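Q: Sharing a structure below in structure tokens format, with a few things to ask.
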2 protein chains.
Amino acid sequence: MNSDVAIRRLSAIAQEGRLAVFRLLVKAGPQGLAAGDIARKLDTPANTMSAQLLVLANAGLVRARREGRSIIYCVDFEAMGDLLVFLTEDCCGGRAEICAPLAKVASCCNTGGKHETPARSRRRG
Amino acid sequence: MNSDVAIRRLSAIAQEGRLAVFRLLVKAGPQGLAAGDIARKLDTPANTMSAQLLVLANAGLVRARREGRSIIYCVDFEAMGDLLVFLTEDCCGGRAEICAPLAKVASCCNTGGKHETPARSRRRG
DNA sequence: TTCATATTTCAATGATTCCGGAAATATTGG
DNA sequence: CCAATATTTCCGGAATCATTGAAATATGAA
């Protein structure tokens, strides 16, 4: 990961419509959603949606595959992870307490799919 | 965290100069750096740097404090963490293997780093 | 107070981005 | 082939953004 790629990825999701698309696809998982379905769900004209998906795809954050007449878009979770790693590089210089808040980002991978809430953390102790 | 805040934060770091500033400050840690030092390190005019820092500060990603004639900027690590959590919300729908790559984001927080004093850090440079 | 340093604000300019109408392309079914 | 569906490409105008010279503000030192 270099700065140019990171900027392209950040720019891609730094916009209302595209961020909504990205988050919708994050929730949809690897199975993805058809371009038209996304456009309908987010109440956006097809051509505008196409442009938004193109930006996300060029950034490498989503991938497209054809299925019949539809084009299915899904998040590239590895690309997404690379971006987050880039942003947090050398984030605490060995002082874990500084960036401890970041630990919860990955908590979904250890808690059966949900991010850990403060309440649940408290309950567990 | 809502979309508006997330977009503001993403836009703030989705630009070459500001991303460089942000990453420099991430590495600098809570101790931060003076505006002038940042400008010199990144070879940027003072007024340009001031504008870039203002955007980052307005986004809540960095905070400023005065120390003598200098204004010291440092990353708000909690704000940064909130943003990453927002982006990964519901990221794997219970299937940990999907977002497993994200686990390494927080890996720095599990390395048992030692605590560094500001004085020692200063001595080193 | 006067000077030097550190940073910000103002204003203007050039560059980039966003959106959606209209037209084009690709696929499937009849 | 033709029609229907799904998506993309082209284009232009409006809006937003980035940069920087010049001037202003704030602090500390003499």
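Q: What is the residue count in region A:40-57 for residues that are more than 10 Å from DNA strand C (Cβ to nearest atom) and either touching a helix residue (DSSP H, G or I) at 6+ places or on another chain (Cβ under 7 Å) or charged (D, E, K, R) (or both)?
A: Result for region A:40-57: 5.
Q: Further, regarding this structure: Looking only at region B:39-56, which residues are within 13 Å of DNA strand D (Cβ to nearest atom) and more than 14 Å from chain A (Cβ to nearest Cβ)?
A: Within region B:39-56, B:Ala39, B:Asp43, B:Thr44, B:Pro45, B:Ala46, B:Asn47, B:Thr48, B:Met49, B:Ser50, B:Ala51, B:Leu53, B:Leu54 meet the criteria.
Q: Look through region B:58-71, keep the residues that are within 7 Å of DNA strand C (Cβ to nearest atom) and surrounded by 13 or more Cβ atoms within 10 Å (Cβ to Cβ), and return whichever of them is nearest to the chain's Cα centre (by Cα).
A: So the first thing to find is which residues in region B:58-71 are within 7 Å of DNA strand C (Cβ to nearest atom), and the list is B:64, B:69-71.
Next, from what is left, pick out any that are surrounded by 13 or more Cβ atoms within 10 Å (Cβ to Cβ): B:64, B:70-71.
Numbers: B:Ala64: 12, B:Ser70: 19, B:Ile71: 16 Å.
Selected residue: B:Ala64.
Q: Among the residues of region B:72-84, count how many are within 19 Å of A:Leu10 (Cα to Cα) and open to solvent by less than 20 Å² (accessible area, probe 1.4 Å).
A: 7
Q: Mind checking which residues of region B:5-17 are assigned to a helix (DSSP H, G or I) and either surrounded by fewer than 20 Cβ atoms within 10 Å (Cβ to Cβ) or not hydrophobic (A, V, I, L, M, F, W, C) (or both)?
A: B:Val5, B:Ile7, B:Arg8, B:Arg9, B:Ser11, B:Glu16, B:Gly17
Q: Now for a separate question. What are the residue pairs meeting all of these: first residue in region B:1-12, first residue within 13 Å of B:Ala57 (Cα to Cα), second residue in a helix (DSSP H, G or I) and open to solvent by 30 Å² or more (accessible area, probe 1.4 Å), Cβ atoms under 7 Å, and 6 or more apart or on different chains?
A: Within 7 Å, the pairs are B:Ala12/B:Arg18; B:Ala12/B:Val55.
Q: Only residues that are in a helix (DSSP H, G or I), open to solvent by less than 30 Å² (accessible area, probe 1.4 Å) and touching a residue at least 40 places away in the same chain (Cβ under 8 Å): list them for region A:22-56, please.
A: Matches in region A:22-56: A:Phe22, A:Leu25, A:Val26, A:Ala28, A:Gly29, A:Leu56.
Q: Continuing with the same structure: Only one of (1) surrounded by 14 or more Cβ atoms within 10 Å (Cβ to Cβ); (2) more than 14 Å from DNA strand C (Cβ to nearest atom) is not met by A:Asn2, so which one is it?
A: Of everything listed in (1) surrounded by 14 or more Cβ atoms within 10 Å (Cβ to Cβ); (2) more than 14 Å from DNA strand C (Cβ to nearest atom), A:Asn2 misses just condition (1).
The values are calculated or read from the model by the stated rules, or taken from the named source; none is laboratory data. Remember, predicted model here, so these are calculated numbers, not experimental data. FYI the Cβ positions are ideal-geometry reconstructions off the backbone, even for glycines, and counts take in every protein chain you see. We work out accessible area using only protein heavy atoms, side chains counted, and drop any ligands, DNA or RNA first. Shrake-Rupley method; radii C 1.70, N 1.55, O 1.52, S 1.80 Å.
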